1. Looking only at the stretch 43-55, decide whether some residue is under 20 Å from residue 416 (Cβ atoms), in contact with a Lys or Arg (Cβ under 7 Å, 6 or more places away or on another chain) and not assigned by TED's automatic domain parsing to the domain that holds residue 435.
2. Give the stretch 362-389 a look and list any residue that's touching a helix residue (DSSP H, G or I) at 6+ places or on another chain (Cβ under 9 Å) and away from the ligand (no atom under 16 Å from the Cβ), or say none.
3. Do we find that residue 415 is farther than 18 Å from residue 435 by Cα and under 34 Å from the mean Cα position of the chain (by Cα) in this structure?
4. Quick one: which helices (runs of 4 or more DSSP H) lie wholly within the stretch 255-324 and hold at least 2 residues that are surrounded by fewer than 21 Cβ atoms within 10 Å (Cβ to Cβ)?
5. So, in the stretch 228-254, how many residues would count as being surrounded by fewer than 16 Cβ atoms within 10 Å (Cβ to Cβ), of a type outside the set (Gly, Ala, Ser) and part of a helix (DSSP H, G or I)?
6. In the list 462, 488, 497, 481, which residue meets the criterion of being touching a residue at least 60 places away in the same chain (Cβ under 8 Å), within 13 Å of the ligand (Cβ to nearest atom) and buried (at least 21 other Cβ atoms within 10 Å of the Cβ)?
7. Checking residue 218 against (1) out of contact with any helix residue (DSSP H, G or I) (no Cβ under 9 Å at 6 or more places or on another chain); (2) at pLDDT below 95; (3) not in a helix (DSSP H, G or I); (4) not aromatic (Phe, Trp, Tyr), which test does it fail?
Amino acid sequence: MHKSGVAYFSAEFGLDESLPIYSGGLGILAGDHIKAAADLNVPLTGVGLYYGKGYFQQRIDDGGSQQHLYPEIDHRGSVYPVRLVKNDVGQPLVIEVPLSGRHVYANAWSVQVGSVMLYLLHTDIEANSVADRRLTDTLYPSDQNVRLSQEILLGIGGARLLAALDIQPDVWHMNEGHCAFLTLERIRMLSAEGIPFETALEAVKASTVFTTHTPVPAGHDVFPIDMIDRYFGDYYWQLGTDRDRVLSLGCVDGAFNMTRLAVSLSSKINGVSQLHGEVSRDLFHRWMPHIPKQDIPVDSITNGIHIGTWLAAGMKELFDRYLPSDWAARTMEPDSWAAVRDIPPGALWEEHQQAKQKMFRELGLPLDESDGGPLIIGFARRFATYKRALLIFSDPDRLARILGDPQRPACLVFAGKAHPADGPGQDLIRAIVARSREPRFKDRVFVIENYAMDKARWLVQGVDVWLNTPMKPMEASGTSGQKAALNGVLNCSVLDGWWAEGYNGRNGWAIDSATDGDREYQSKQDSEALYRLLEEEIVPLFYKRDDQKLPAEWVNFMKESICSLAPVFNTHRMINDYRRTMYVPASERGRRFAADRFEIASKVAAYKQFIRDHWSGVRVRNIEILDGTSGRIGLNKTAFRAVIQLGIIGHKDVRVEAVGSDGRQGIWKAKLEPVQQQGKGVYVYEGASPDVTVDFRKANVNVRVTPVSPDFAHDFETELAAWG
Ligand SMILES: *Cc1c(COP(=O)(O)O)cnc(C)c1O
């Protein structure tokens, strides 16, 4: 038996435009993640699906309507070697997955990304019925049955594939909830070896980590319970428990929620920016109402981009010339980047002009960069409505004045796909195409078809300003602006996602988004702020030239942007964060839980069961705030006394805290200790907070009891608490 590092599951992977099995940021992130793991020799295996026709190819017709083309992918054109996976006797490896009472078969394709192997399951093989052969045709199908089937193939099929390949990961990383059924399949495998369900669950949870990407409740993948019953009817019992217990792991508001399943079965969870971490804590708080928002165990690891993929070749040569020779191996050290400041401004500006020219050529834009102009503003991303592509058109007259200034012209370049079922998203494309046809926006507003990684590369390398106007806080991270920053393109963005961390006042522009008021008010404020930035700062700075016709101050912004952002928002830093805060702890935990025939997993399972069975008897009675001058505690401290009824739960198994807020000091906690037994299962707890002086006439103090164990991954693992 050999252990094999991290298994990284994702519904989409964006490695290169030649293998179009991605839709947007999630897939690009997954692709960049495995490339960085390969660079840094992190042992990792990717698992996904091979979509025969990929996402879709976009055409935009004369009326601005998006057409969806589904050509068969020819993987022989892939820049990464793609091979059919064979078994020991040289036959194509086929795995079997239970689906709604029948069996579906899948083969696997491997994609070699340096030292990392990515495996992709595919059902278009003869063993399957005609209908099942189509299951893995396209990414994010609208048909819920196909969608659920794909998620079963990914999660259950993916786990079976790894077993068939004798890959036994230390850590299982779920990139978004689509793949979360892998947890059930791993429990099933343990159950088949005779491990009881709750023990298996603890062992699986210990070694599983989850990255959530979706800041809005509506964005989470949800299936009706009767549908889950249909697909899992003869699977539940194989897990060694009953239907209700399985459903309880994912049930939210009467439906089965994949994010909830992932949260229930992970020992570590992270959001993809600090802000998104907070938003996710808010969101998950609805599922764990006993736990205050700030205690919901969600960390954040801010996304990054893979420098080798996104840096323009010419810019890389410039960096090679001026940066320390090993800069590419030390991208997360700010020192490696400091020498960007030493690049002669003319050289950096010239290299940017080269990238700009290349973009004009590749995208067929009828523009010329003589004297550095016109100022090009890029906006390219999925046309999801929260990204507000139309925000900049809020006042078309004002925009026309900005773009049409004959002395200081500016252009907007748009690109992006809307999901085939997203009518409002497609309306956005139509609206922008219509704008681009207005005489006043002729040769000022362009729409580029079929946004993909190649177009993204030309744009993030070649425009002058990268615009992002999401409705805060709905952009979990965003990564295209990071690609732009690396190339000396300046960001102008709402302070959402990564930009809330990246912006420093000297490396781009922040649209100071309104977070109060309704959507309309927010949009009005944001567009006003955007116009002001364009009129008063961005356009003037761009056209402010010195006697060598160089925009010296603009170039300083470019340098600041590269120096301050490149060391942080790259996937090498990101992978190291994952390794340190997720992979290493989960791997140790997983090993510990599984050791000695699952002794710890079994102990934790039994303990949680005991707590669940008896928690209803836990009560907080009589909270007293003792006067600080009353002797025992001493002056200037506030002491608390509470009587806690624990029943048969021992006091070593709980933590008792006074939790309060008094407006001035925010939220604080003070630990209370048992000082006296009052009766059977009833204790007096007392404690004082060393650094909080509470005005107890005004304070809002509660006492909280939570079950604890040194074997828990975090303080609120049971999601239980008693308050008084
Ligand atoms: C980087 C990238 C994205 C993600 O961009 P966001 O800023 O996160 O919206 C989407 N699509 C493609 C093709 C990309 O290269």
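The values are calculated or read from the model by the stated rules, or taken from the named source; none is laboratory data. The structure presented is a predicted model; accordingly, all values stated were derived computationally and were not measured. Here the Cβ is made from the backbone with ideal geometry for all residues, glycine too, and neighbour counts use every protein chain on show.
1. For the stretch 43-55, residues under 20 Å from residue 416 (Cβ atoms), in contact with a Lys or Arg (Cβ under 7 Å, 6 or more places away or on another chain) and not assigned by TED's automatic domain parsing to the domain that holds residue 435: absent.
2. The answer is 365, 366, 367, 368, 369, 372, 373, 374, 375, 376.
3. no
4. 274-285, 307-310, 313-322
5. Qualifying residue count, the stretch 228-254: 5.
6. None of the other options fit; the residue is 497.
7. All conditions pass for residue 218, except number (3).
Yes/no per residue for (1) in contact with a Lys or Arg (Cβ under 8 Å, 6 or more places away or on another chain); (2) within 17 Å of residue 245 (Cβ to Cβ); (3) part of a loop (DSSP other than H, G, I, E, B):
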{"residue": "191", "(1), (2), (3)": "no, yes, no"}
{"residue": "195", "(1), (2), (3)": "no, yes, yes"}
{"residue": "200", "(1), (2), (3)": "yes, yes, no"}
{"residue": "209", "(1), (2), (3)": "yes, no, no"}
